[in-house]
1. Across the stretch 110-126, what is the number of residues that are part of a loop (DSSP other than H, G, I, E, B) and either within 16 Å of Leu87 (Cβ to Cβ) or aliphatic (A, V, I, L, M) (or both)?
2. Which of the residues spanning the stretch 28-46 are touching a helix residue (DSSP H, G or I) at 6+ places or on another chain (Cβ under 9 Å) and free of Cβ contacts under 8 Å to residues at least 60 places away in the same chain?
Amino acid sequence: MDTMSVNGEAGPSATAVADARDATRAFLEALGQPGLAPATADTVVLVVSELATNALRHGGGTFTLRLTARPETIEVAVDDASPQAPLMRTPDLNGGTGGFGWPMVNRLAHTTAVTPRPAGGKTVRAVLARAQ
C-alpha cells in the first residue's frame, strides 16, 4: 500500500488545487508497475481537483489531501474544517454557481463517504478502481 498527504490553503495565487493535481500525478506515476491507464489517472486527478475545490469553496479555505493506493483501488480522502456534508443539487447551467462537482465525483467513484472528524470538520472519501 502506498500513501501520500498534501496540505492546501487558498491564497492570493489560489494554486492549492493545481498543487494537489500535480502531487496526485506524481504519486500515480511513482506507483510503478502495473501502472495506471492514462484515462484512469486522469479520472483520479479530476476527482482530486473537484474535492479540493469543494473543500476550499465550502469547507473553510484549507484542506488536507491523502491518497492511498491498494492493489485494486485508489482512495482519495480530503479533510476540511466544515462539518457540512456535500450536497447533491441541480447544477446551475446559467448562473455559474456550480453544482457539478459532487454529482460528478459520485458518478466516477466506486464508492464515496463523508465522515465527521473527531477534532471537527469532515473527511470526504472517494474510492476508484485502479483498472477501468
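No value in this document is a laboratory result; all are computed from the given coordinates. All figures in this text were calculated on a predicted structure; none of them were measured in a lab. Ideal geometry is used to build each Cβ from the backbone, glycine not excepted, and the neighbour counts take in all protein chains shown.
1. Applying the first criterion (part of a loop (DSSP other than H, G, I, E, B)) to the stretch 110-126 yields 110, 117-121.
Filter once more, so that each one left must be either within 16 Å of Leu87 (Cβ to Cβ) or aliphatic (A, V, I, L, M) (or both): 119.
Going through the stretch 110-126 one residue at a time, the tally reaches 1.
2. Residues of the stretch 28-46 touching a helix residue (DSSP H, G or I) at 6+ places or on another chain (Cβ under 9 Å): 28-29, 35-36, 40-41, 43-46.
Correct list: Leu28, Glu29, Gly35, Ala41, Val45.
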